Amino acid sequence: MSNVIPFSELSRQHRLNLLDHKRREYQERENYLNRLRKLLFQVEGQMRQAELEQMELYHAVLAGFDIQVNFPNLGDRIGLQRLFREHPALMTLTAFLEERLSPEECYERLMQLKKE
């Protein structure tokens, strides 16, 4: 005859297996999340670098026209968005860069702003 395994032992083994399974599931998901976080950090860094290069472009063009713009801290994203929506020179440059203005139109508007 075979030995009878008590229910409490079966229940214990079942719960241990469940815990072990959930731990493996958690670790796999956590490893996946860590890889995604690392990738996101890299992409964020590249995006930030591209944004800084765009800002340098605006600075260079504005300097070429001797137009002063007081940019907020680069960390102030809301302030930068507001500035780009409200400042006429930045709105003009953005329209030009997005090909909504010709070079001549952009030049005329910037020269008009410089006079004001």
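No value in this document is a laboratory result; all are computed from the given coordinates. All figures in this text were calculated on a predicted structure; none of them were measured in a lab. All Cβ positions, glycine included, derive from the backbone under ideal geometry; neighbour counts span all protein chains shown.
Results, tabulated for the structure shown:
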| item | result |
| --- | --- |
| All-pairs Cα distance distribution in the chain, expressed in whole percent, bin size 10 Å | 11, 25, 16, 10, 9, 9, 7, 6, 4, 1, 0 |
| Label-point separation, residue 39 to residue 77 (7 Å along Cα→Cβ), nm | 2.0 nm |
| Degrees between helix 88-97 axis and first principal axis of the chain (Cα, 0 to 90, nearest 10) | 70 degrees |
| Stokes-Einstein D in µm²/s, Kirkwood radius over Cα pairs - the range 50-116 at 10 °C with 1.306 mPa s viscosity | 129 µm²/s |
| Positive-end extreme of charge dipole, the range 5-70 - chosen from 16, 65, 26 (charges on Cβ) | 16 |
| Residue-averaged 222 nm ellipticity for the chain, from DSSP H runs of 4+ at -39500 (n - 2.57), nearest 500 | -27500 deg cm²/dmol |
| Distance in nm between pseudo-label sites at residue 29 and residue 59 (7 Å out along the Cβ direction from Cα) | 4.5 nm |
| Relative compactness, the range 26-88, computed as alpha-carbon Rg over 2.2 N^0.38 Å | 1.65 |
| Relative contact order of the chain, pairs being alpha-carbon contacts under 8 Å that are 6 or more residues apart, as % | 16 percent |
| Rough spin-label spacing in nm, given labels placed 7 Å along Cα→Cβ, for residue 111 and residue 69 | 2.0 nm |
| Alpha-carbon centroid distance for the pair the range 1-50 / the range 56-75, whole angstrom | 50 Å |
| About the Cα centre, charge dipole magnitude for the chain (Lys/Arg +1, Asp/Glu -1 at Cβ), debye | 900 debye |
| Debye, to nearest 20: dipole size of the range 28-70, +1 on Lys, Arg Cβ, -1 on Asp, Glu Cβ | 320 debye |
